[in-house]
Amino acid sequence: MKRLIFLALLAAGLGRAAAQAPDTTVVHALVNKQMTWYGAYSSTAAFPASGSGQTFGRIWMKYTLGCATGGCSDWDYTTTVRVHKNSKVWELGRVITPYGSYMRTSANGFSPQWSHDYWFDVTDYVSLLQDSTLVSVFYSGYSSGFSANVTFYFVDGTPTREVLKIDQVYTGYTNYLNTAQFESTATPAKKVDLLPGAEQIRFKFTPTGHGFVNALNCAEFCEKNYTVKAFDTTWATQAMWHDDCGLNPIYPQGGTWLYDRANWCPGSAATTYQHLLQRSGASFPDSLKIDVDVEPYTYTVPASETPAGYQLEGHVVQYGLYTGIPWGSGTVDFVDFEVSEIVSPSDDPRFVRDNPTCSRAVVKIKNNTDQDIPHTPTVRYGLCNAQGDWLDTNQTYTYLDGTGNYVWKALEERTWKLPMGQLSQWLGLNDTGFFRVEFEELNSQGTQDFNPYNNFKISRLLRPLVLPTSTVLTTRTNLAASETHWYLWNGTGQLLRSRDNLPNNSFVYDTLNLPTGCYVLDLYDREKDGLSFWANTDGDGYMRFRNNGGSLFQRQLPKDFGTSYRFEFTTGAPLGQSEPRALQAWTLYPNPANETVDLSGLPEGAEVLATNTWGQRVPVEWIDLQYRMDVSNWSGGIYWIRWTTKDGAQGTVQRMVVAH
């Protein structure tokens, strides 16, 4: 276990004093586990000691999935991260692997060095993440393989709710033969004893359906609901379904990656549905009877085939007082709004389909309380430099829905699209750009904010491609052209051109004369299988830009894009380069580091740049001339290291941990 201290000085002019971010304890529970065959891969983790009195405002689990040493598997397999505690095996996160043939063969922009991060909020499981504890990842594959790294981040602070007790009521995989059999073995009614101090109860449920060798294509490819019954009433009905597999950030893949599935997609995490079992204005009885029923269906298992089935994990969590305010008191003495994500602009691989951008910023704002909040925050946003200082391009934004309703429901998260379509908002962008969003005002009543450390976020942005002001857009349709349609917008949302009802197997040309500015091309496919997909008979199509009056190729859009593809670009704007240079690979060692770090693979004269997790520049000092960097005086934490040269070459961005 390593103790890391993140120091963040808020930039001057933000309207409040500089603050120190909370300390964070980092535990590397699983390191480079090679998942080559069906089974569990485990290690013992040294979590914070129980009884120490230390409290954590948030606990994050990062699960990094990569290719095994021998390459990624071609198949989609279920993996689960689990903690072994109290004679039980608790699932903390579930990820289904992508079809890895393109990673294995270095095709379509992938390589055997591919990896992807998945983040899980595991704050409620603090009682399980204590002392010396066995952590494992279970791999359901029968071929090699994938690698697993699991890291926990314990952020100091006061939890918004005290977790009094957590019960595992459902777990494991069960074949679905018929309704009676499944409900009696997988989802029978369960009794949970309730504590006298319980103020709130939440049911967390993670179902995924697998197998489809029947006429219904169940359980994997059929949309079914489940029903939660509690306190002698039907509490919730929820669809077990991901309808966005065609928007998978890991694309394209070699298998049927774009087909929607029962609460998962190849390469995605399963959704954990949360149901607040709250009796407003009434006390809880001594126990809770909870029952889950899956929407019934009937099918015949073909001879010599494996039946369909569901993997389930269900937990009942009991909470104490929410920082001293009883449920239903009608008092809102504080708020806990959070800037939970910056979707764009961002270089986060999870949001690759929304980036790069020049037309808008997309951020997620969340009410972290279990109370309705009758007012909405105001955010300030715009570009900043590597030190986090604002450039002269920030705005304020307040959310209003169509009725002018400001009320945020308990635990509600909203996605705000913030306009940034004017090129003047991007002036001052240097070689590396950063974007910042923060709460300027949480409310007009002066209500106290429970957790000020989640009130802002900084992201590293990618520059859009620059195209000539006059180009020709060529659309080569496939044999299902009626599925293809596209729209061209300027940066402020004005529609400039669109195409629909295109002829099959044809070339369609559009000459575009676009003044200097920001533009967005939205390409859609009605069947959600792109212009080219190996598993259909639609043939092959494409879209590409070239110079008007010439043959200079500018950009071809992806063909196997699934549901849609968003391409943002500029013409004549100083946001990027017309021919971006590929980032060069290099290495640093050791990582984590304590005193020094050796950098190798850098060209002569390269300038090394280091920033912390808040986007602030960190001075780089050298011990000798062979790129040996001195980090002995750096605060413990996570840093981002890159290099550039005077002729424009750049190295890949490396993540480095300093632990003293």
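Annotation: of all residues in region 423-464 being in a loop (DSSP other than H, G, I, E, B) and in contact with a Gly (Cβ under 7 Å, 6 or more places away or on another chain), the one that is modelled with the highest pLDDT is Pro464. With among the acidic types (Asp, Glu) and closer than 21 Å to Gln168 by Cβ as the only criterion, which of Glu223, Glu313 stands out? The conditions single out Glu313. With respect to the conditions (1) open to solvent by less than 40 Å² (accessible area, probe 1.4 Å); (2) touching a residue at least 60 places away in the same chain (Cβ under 8 Å); (3) closer than 30 Å to Leu321 by Cβ; (4) among the aliphatic types (A, V, I, L, M), Ala236 lacks only one, and its number is (2).
Go through the residues of region 98-114 one by one and say whether even a single one is assigned to a strand (DSSP E or B), surrounded by fewer than 23 Cβ atoms within 10 Å (Cβ to Cβ) and in contact (Cβ under 8 Å) with a residue 60 or more places away in the chain.
Filtering region 98-114 for residues assigned to a strand (DSSP E or B) gives none.
Within region 98-114, not a single residue is assigned to a strand (DSSP E or B), surrounded by fewer than 23 Cβ atoms within 10 Å (Cβ to Cβ) and in contact (Cβ under 8 Å) with a residue 60 or more places away in the chain.
Annotation: of all residues in region 356-373 being closer than 19 Å to Asn455 by Cβ and outside any strand (DSSP E or B), the one that is most open to solvent (accessible area, probe 1.4 Å) is Gln371.
The criterion of at least 1 residues that are under 27 Å from the mean Cα position of the chain (by Cα) and closer than 25 Å to Leu465 by Cα is met, among strands (runs of 3 or more DSSP E) falling completely within region 493-534, by 517-525.
Look at (1) open to solvent by less than 10 Å² (accessible area, probe 1.4 Å); (2) over 26 Å from Gly267 (Cα atoms) and you find that Tyr226 fails only one, number (2). Scanning region 482-497 for residues that are in contact with an Asp or Glu (Cβ under 9 Å, 6 or more places away or on another chain) and either without any contact (Cβ under 8 Å) to a residue 60 or more places away in the chain or open to solvent by less than 20 Å² (accessible area, probe 1.4 Å) (or both) returns Ser482, Glu483, Thr484, His485, Trp486, Tyr487, Leu488, Gly491, Arg497.
Residue-by-condition table, conditions (1) closer than 28 Å to Pro356 by Cβ; (2) at pLDDT below 90; (3) open to solvent by less than 40 Å² (accessible area, probe 1.4 Å); (4) under 26 Å from the mean Cα position of the chain (by Cα):
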position	(1), (2), (3), (4)
Gln554	yes, yes, yes, no
Phe561	yes, no, yes, yes
Ala573	yes, yes, yes, no
Ser578	yes, yes, no, no
Leu583	yes, yes, no, yes
Ala606	yes, yes, yes, no
Leu625	no, yes, no, no
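Name the single residue that is least open to solvent (accessible area, probe 1.4 Å) among those in region 69-84 being touching a helix residue (DSSP H, G or I) at 6+ places or on another chain (Cβ under 7 Å) and either in a loop (DSSP other than H, G, I, E, B) or of a type in the set (Phe, Trp, Tyr) (or both). The selected residue is Cys72. The residues of region 627-660 that are open to solvent by 20 Å² or more (accessible area, probe 1.4 Å) and either in contact with a helix residue (DSSP H, G or I) (Cβ under 7 Å, 6 or more places away or on another chain) or not in a strand (DSSP E or B) (or both), listed by number, are Tyr627, Ser632, Asn633, Trp634, Ser635, Thr645, Lys646, Asp647, Gly648, Thr652, Val653, His660. Take Leu128 and decide whether it is assigned to a loop (DSSP other than H, G, I, E, B), touching a Lys or Arg at 6+ places or on another chain (Cβ under 7 Å) and more than 25 Å from Phe533 (Cα to Cα). Yes, satisfied.
Examine region 205-223 for a residue that is open to solvent by 40 Å² or more (accessible area, probe 1.4 Å), within 18 Å of the chain's Cα centre (by Cα) and in contact (Cβ under 8 Å) with a residue 60 or more places away in the chain, and state whether such a residue exists.
If we filter region 205-223 for residues that are open to solvent by 40 Å² or more (accessible area, probe 1.4 Å), which is where we start, we get 212-213, 215-217, 221, 223.
After this cut, where a residue has to be within 18 Å of the chain's Cα centre (by Cα) as well, the list is none.
No: zero hits.
Exactly one residue out of Thr475, Thr469 is surrounded by 17 or more Cβ atoms within 10 Å (Cβ to Cβ) and within 30 Å of Ser346 (Cα to Cα), and it is Thr475.
Are there any strands (runs of 3 or more DSSP E) wholly within region 1-52 with 2 or more residues that are open to solvent by 50 Å² or more (accessible area, probe 1.4 Å) and at pLDDT below 95, and if so which?
On the way: elements: 2-4, 24-35, 39-46.
Here the list reads 2-4.
The listed residues are Val137, Val89, and the only one of them that is β-branched (Val, Ile, Thr), closer than 22 Å to Met61 by Cβ, crowded, with 21+ Cβ neighbours inside 10 Å and touching a strand residue (DSSP E or B) at 6+ places or on another chain (Cβ under 9 Å) turns out to be Val137. Checked across region 170-182, the condition of being without any contact (Cβ under 8 Å) to a residue 60 or more places away in the chain and open to solvent by 30 Å² or more (accessible area, probe 1.4 Å) holds for at least one residue. Phe154 satisfies every condition listed in (1) farther than 21 Å from Ser268 by Cβ; (2) open to solvent by 10 Å² or more (accessible area, probe 1.4 Å); (3) of a type in the set (Phe, Trp, Tyr) except (2).
For region 338-355, give me each residue that is within 23 Å of Pro98 (Cβ to Cβ), not in a helix (DSSP H, G or I) and not β-branched (Val, Ile, Thr). Walk me through how you get there before you give the answer.
At the first step, the residues of region 338-355 found to be within 23 Å of Pro98 (Cβ to Cβ) are 341, 343-344, 346-355.
Applying the additional criterion that residues be not in a helix (DSSP H, G or I) yields 341, 343-344, 346-348, 355.
Hits for region 338-355 are Glu341, Ser344, Ser346, Asp347, Asp348, Asn355.
The C-beta contact set for region 293-306 (first residue within 18 Å of Lys224 (Cα to Cα) and assigned to a loop (DSSP other than H, G, I, E, B), second residue open to solvent by less than 50 Å² (accessible area, probe 1.4 Å) and at pLDDT below 90, distance under 8 angstrom, 6+ apart or interchain) comprises Tyr299/Asn214; Thr300/Asn214.
The values are calculated or read from the model by the stated rules, or taken from the named source; none is laboratory data. Just so you know, these numbers come straight off a predicted model, no measurement behind them. Note: ideal-geometry Cβ built from the backbone for every residue, glycine included; neighbour counts use all protein chains shown. Areas reflect the complete protein model, heavy atoms only, side chains present, ligands, DNA and RNA absent. Shrake-Rupley method; radii C 1.70, N 1.55, O 1.52, S 1.80 Å.
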